[in-house]
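Every number in this text was worked out from the coordinates using simple rules, so none of it is lab data. Please read these numbers as outputs of a predicted model, since none were measured by experiment. In this analysis, Cβ positions are derived from the backbone assuming ideal geometry, glycine residues included, and neighbour counts consider all displayed protein chains.
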Amino acid sequence: MRFFLVLLLVFFGYQTFNAQEFSVITGNVFDGRSKEPISHCTISIEDTRVSINSSADFELSAPISLIGAYILNVSSPDFITKRIPIILENQLLDLGIIYLENDIVIEKADNLIALTDADITEEENTALGLGLLQGTRDIFLSKAAFDFGQAFFRVRGYDSQNGKVLINGMPMNKFFDGRPQWNNWGGLNDVTRNQDYSHGLEASEYTFGGILGNTNIDSRPSGLRPGFRFSASASNRTYASRVMATYTSSKRETGLAYSFSVSRRWAKEGYINGTLYDAYSLFGALEYQ
């Protein structure tokens, strides 16, 4: 009788162990700006103890007791934590590619310059380890540069030729004066919105830059949101009306992606009285990965 009872307990214990199944969650974590895999990330389910540290390709197993609606947190240093609503139903849940955006607050904090009392009162020349004393590109600089333009406002008095502007890594500064001509790609806001700005003489992945910093405009189709976008706007400044249409394809199985954008800006009278304003812009790009 005792022998039979022991076998019965072992049998039920084995059945209980096999019944403990898991809901498996898989996905891939990528950098939203560079579209590169993120090597270190943390995947967790809110209000539970389910959490793993993984690479870009993760596989999370949740106990069968967790059935229903939950929030999945995907986090990584220097990135904004993404909260994804999920429903666990004791089956495989593939989230596909998850893009994390850079934490701008951390980026701005990295540009803060720490000065001690000794650094402030030191009269002798010290090593230039502190870098140039300049602020980040805050709201004031952005508004001043857009509203007044380079003709009226200059950061620290520097001329625009002291900064570098690149499109997909190609310098856009003119040879004859060294200044970038932003009007060459005016009206193409949808495909030039991805910009990587480096302050001053700090290290950059694209160029040595200048004392005014450097800006790289990423117009590759892989960095643009797939789909069609149309917009129309009115203004009482340089032009009166603007229409813009942009289409970006998703990445094909062949590795190709393309994008094109057209816009028109016009007014019966431009900035100067008696002048006609009528500008057309056209953009096209083809990328293979």
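Apply the a/c threshold of 1.5 to the C-alpha gyration tensor of the stretch 222-288 and tell me whether it is rounded, prolate or oblate.
prolate
Report, by chain and number, residues whose modeled amide H sits under 5 Å from the one on Val165, excluding near sequence neighbours (fewer than 5 apart, same chain).
Met172, Asn173, Thr215
So if R0 is 30 Å, what FRET efficiency would Trp182 and Asp78 give, r being the distance between their Cβ atoms, rounded to the nearest 0.05?
Given R0 = 30 Å and the Cβ-Cβ separation, E is 0.50.
Want the number for Leu92 to Ser61: 0.36 nm per residue separation, take away the alpha-carbon distance, what's left?
Length gained between Leu92 and Ser61: 10.2 nm.
For the stretch 52-95, what does the relative contact order come out to in percent, with C-alpha contacts under 8 Å and a separation of six or more?
So the answer I get is 33 percent.
Quick one: grab the alpha carbon gyration tensor of the stretch 14-103, order the square roots of its eigenvalues as a ≥ b ≥ c, and give me rounded if a/c is under 1.5, else prolate or oblate depending on whether a/b is larger than b/c.
Cα axes put the stretch 14-103 in the prolate bin.
With each pseudo-label sitting 7 Å past Cα toward Cβ, what's the Leu286-Lys35 distance in nm, one decimal?
Taking the simple label geometry, Leu286 and Lys35 are separated by 1.6 nm.
Need one word for the stretch 174-242: rounded, prolate or oblate. Basis is the Cα gyration tensor (sqrt eigenvalues a ≥ b ≥ c); a/c below 1.5 gives rounded, then a/b vs b/c decides.
oblate
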